[in-house]
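Student: Input: one structure, supplied below.
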Amino acid sequence: MADDLKGRGRGHPPRHIIDVLFTQLWFGVLQVRSGLVSPDDIEEHLEPRLVQRGNDGKKRTGKWAMYPAGRRVPQAPTISVAEGRYPGTERFIASPMRALLRDEPVSVDWVREQLLTLPSPVDDLLWKPLANGGSRRLMYAFDEERAEALVQLGGFSALEAAVLLMKLAELISSHALRKLARETAIRIHPSLRESTELWPAIEAVMVAIDISFPNWVFLRDDLRCDVLEITYVRRGEDPIGLCEMLAADSLASAVFELNREALESLIQAPGNPLVLMHTLFELLPRVAGQRQ
């Protein structure tokens, strides 16, 4: 991402922007589940030892007041305290998506292990039951039927599954799996927007997913263009817009028909992908005109 690190506070290491987003998500969920309005109320509720009472009233550390804006990232002891009182909240800050969006190096085995940690019924949808005497679970093939079932489940764990499957697809070089998993993630978005405990904090996480997992448009069999598409704003009732045109399977052929010579010269040059994107944006209005 353009700005991976937040400013450094005295005595504190720099905060990664992804850590900031997941802190805000975690705090928002905790706030809704606790029913407490202010960070001060949550601090007194979860860590009363931090609140000092004197003749001049209550004195707080200000620790919890820094979480809503992401000015501080909670550490394991604080997360554990919240999890003990509100089980399930830890998942929102310890999600495997956090490592993926931080662009940490991961392996196929790591992705499989994370998929195994997803709660039921997402877990049951992805993994076959253990055979008699078996010690290793096998994944079902992720097909259109399972993608639809994941969309119907919706929610945060379903989004985690789709993002992990996108990463698995990249690691094993499966374009078909990546495309299906990405479209599944997009179709899960409405269930996230409808969640009072996730919205609006999840919105920034969805943007981060779009940046880390851009749409793949193949201008040629051996030439892929990564297209940034802000997917969370998609609406099924909207007319075809820029994102949909960029994502369309027919875009490459339409562009070639419109300006094959100019595009081929860009492909053959060592050029800047931004130049290619500029050319695509210039051609898009003509693509739209052909479709009408």
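Student: Tally time: how many residues in segment 138-166 are under 20 Å from residue 92 (Cβ atoms) and open to solvent by 40 Å² or more (accessible area, probe 1.4 Å)?
Tutor: Total meeting the criteria: 1.
Student: Quick one: in segment 167-204, which of the residues that are in contact (Cβ under 8 Å) with a residue 60 or more places away in the chain and of a type in the set (Gly, Ala, Ser) is surrounded by the fewest Cβ atoms within 10 Å (Cβ to Cβ)?
Tutor: Only one residue fits best here, namely 204.
Student: Take the conditions surrounded by 15 or more Cβ atoms within 10 Å (Cβ to Cβ) and more than 24 Å from residue 211 (Cβ to Cβ) and apply them to residue 42. Does it pass?
Tutor: yes
Student: Something else about it: Please determine, by comparing only the residues of segment 198-251 that are of a type in the set (Phe, Trp, Tyr) and closer than 30 Å to residue 35 by Cβ, which one is modelled with the highest pLDDT.
Tutor: Here the residue is 199.
Student: Sticking with this structure for a sec: Suppose the filter is at pLDDT 95 or above and not polar (S, T, N, Q); does residue 51 pass it?
Tutor: no
Student: Out of 62, 70, I need the residue that is in contact with a Phe, Trp or Tyr (Cβ under 9 Å, 6 or more places away or on another chain), part of a loop (DSSP other than H, G, I, E, B), open to solvent by less than 70 Å² (accessible area, probe 1.4 Å) and at positive phi. Which one?
Tutor: So the residue among 62, 70 that is in contact with a Phe, Trp or Tyr (Cβ under 9 Å, 6 or more places away or on another chain), part of a loop (DSSP other than H, G, I, E, B), open to solvent by less than 70 Å² (accessible area, probe 1.4 Å) and at positive phi is 70.
Student: Moving to a separate point now. Looking at 195, 120 in this structure, which one is under 24 Å from residue 32 (Cα atoms), over 17 Å from the mean Cα position of the chain (by Cα), modelled with pLDDT of 90 or more and outside any helix (DSSP H, G or I)?
Tutor: Of 195, 120, the one residue that is under 24 Å from residue 32 (Cα atoms), over 17 Å from the mean Cα position of the chain (by Cα), modelled with pLDDT of 90 or more and outside any helix (DSSP H, G or I) is 120.
The values are calculated or read from the model by the stated rules, or taken from the named source; none is laboratory data. Fair warning: this is a prediction, and the values are worked out from it, not measured in the lab. Positions of Cβ are backbone-derived with ideal geometry, glycine not excepted, and every protein chain shown enters the neighbour counts. The area values use the complete protein model at the heavy-atom level, side chains included, leaving out ligands, DNA and RNA. Shrake-Rupley method; radii C 1.70, N 1.55, O 1.52, S 1.80 Å.
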